[in-house]
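**Q** Below are the structure tokens for one structure; questions will follow.
Rule-based calculations on the coordinates, nothing more; no lab input. Since the model is a prediction, treat every value here as computed from it, not as a measurement. Quick reminder, even Gly has a Cβ in these numbers, built from the backbone with ideal geometry, and neighbours come from all protein chains shown.
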Amino acid sequence: MKSVVTTVVTAADAAGRFPSTSDLESVQGSLQRAAARLEAAEKLAGNLDAVAQEAYDACIKKYSYLNNAGEANSTDTFRAKCLRDIKHYMRLINYSLVVGGTGPLDEWGIAGQREVYRALNLPTAPYIEALSFARTRGCAPRDMSAQALVEYNALLDYVINSLS
């Protein structure tokens, strides 16, 4: 799993050099933000089901046509799968907060997602809406500290951009 430390070391090794000063500063910055990331991970883990459900409800409210017969949210099975996918992204965001890098998202959430959605004829706009809702729903200090919210939102933006 990629973290800022493994990414820096791997890049330096591939270039046949030791990590540079700027590489080490990058690692240091990540370590300094670790407490905020772990706070965000803890808050998200404690509320994952509620956050995912609210995000799902928001996307279905905006894209209500998905409930029509034959659409992506038209059966109980499809509804469960859509909610499951949103929870999956939120769980991967949680893992990424813990490791301090986008590795879990890259490896288990983003790689191949467009091809899968295209092959299954699933629109990405509802997922973008769900994750965007989760992003705007978060509030400091109600949900987490301002710095923890910055870390959380950065990963939501990362996923949103990958789906766009």
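**Q** Using r as the Cβ-Cβ distance of ALA35 and ASP106, and R0 as 25 Å, what FRET efficiency do you calculate, to the nearest 0.05?
**A** About 0.60, to the nearest 0.05.
**Q** List, in order, the whole-Hz ³J(HN,Hα) value for each residue of segment 40-49 obtained from phi through the Karplus relation with A = 6.51, B = -1.76, C = 1.60 and θ = phi - 60°; use x for Gly and Pro.
**A** With the stated coefficients, segment 40-49 comes to 4, 4, 5, 5, 5, 4, x, 10, 4, 4 Hz.
**Q** For the chain, find the longest principal axis of its Cα atoms and tell me its angle to the long axis of helix 4-14, 0 to 90°, nearest 10.
**A** The two axes meet at around 60 degrees.
**Q** Also, quick follow-up: What is the sum of charges, Lys and Arg at +1 and Asp and Glu at -1, for the other residues whose Cβ falls under 11 Å from the Cβ of ALA130? Numbers along the way, then the final one.
**A** On the way: positive: LYS61, LYS62, LYS87, ARG135, ARG137; negative: GLU54, ASP57, ASP85, GLU129.
Around ALA130, the surrounding residues sum to +1.
**Q** Just going by the charge dipole of the chain, with Lys and Arg at +1 and Asp and Glu at -1 on Cβ, which of TYR158, TYR63, VAL51 is farthest out on the positive end?
**A** The residue sitting most towards the positive pole is TYR63.
**Q** At what distance in angstrom do the alpha carbon centres of segment 73-90 and segment 26-40 lie from each other?
**A** 31
**Q** Which angle between 0 and 90 degrees, to the nearest 10, do you get for helix 76-99 versus the longest principal axis of the chain when only C-alpha atoms count?
**A** Helix 76-99 sits roughly 10 degrees off the main axis of the chain.
**Q** Okay, moving on. How big is the Cα convex hull of the chain in projection, averaged over all directions, in nm²? Could the numbers behind the result be given before it?
**A** On the way: hull surface 41.1 nm².
Average of the hull's projected areas for the chain equals 10.3 nm².
**Q** Something else: With a Förster radius of 22 Å, plug the Cβ-Cβ distance of GLU71 and GLU115 into 1/(1 + (r/R0)^6) and report the FRET value to the nearest 0.05. The partial results should precede the final answer.
**A** Details: r = 21 Å, r/R0 = 0.94.
The calculated FRET efficiency here is 0.60.
**Q** Can you give the angle from 0 to 90° between the axis of helix 125-137 and the longest principal axis of the chain, with both taken from C-alpha atoms, to the nearest 10?
**A** Rounded to the nearest ten degrees, it is 60.
**Q** Okay, next question. Under a GNM of the chain (C-alpha, springs under 10 Å), which listed residue has the highest mean-square fluctuation: LEU92, LEU31, LEU149?
**A** Comparing LEU92, LEU31, LEU149 in the GNM, the peak value goes to LEU31.
**Q** Moving on. Can you compute the helix-only [θ] at 222 nm over the chain? Use -39500 (n - 2.57) per DSSP H run of at least 4 residues, normalise by all residues, nearest 500 deg cm²/dmol. Please list the in-between numbers first.
**A** Values: 7 runs with 114 residues, N = 164.
Rounded to the nearest 500, the figure is -23000 deg cm²/dmol.
**Q** Which loop-located trypsin sites (Lys or Arg not before Pro) does segment 1-110 contain, where loop means any DSSP state but H, G, I, E or B and the Cβ has at most 13 other Cβ atoms within 10 Å?
**A** ARG17
**Q** Would you mind calculating the relative contact order of the chain from Cα pairs under 8 angstrom and at least 6 residues apart, reporting the percent as a whole number? Could you put the intermediate results ahead of the total?
**A** Numbers: 171 pairs, mean separation 50.0, N = 164.
Once normalised by length, the contact order is 31 percent.
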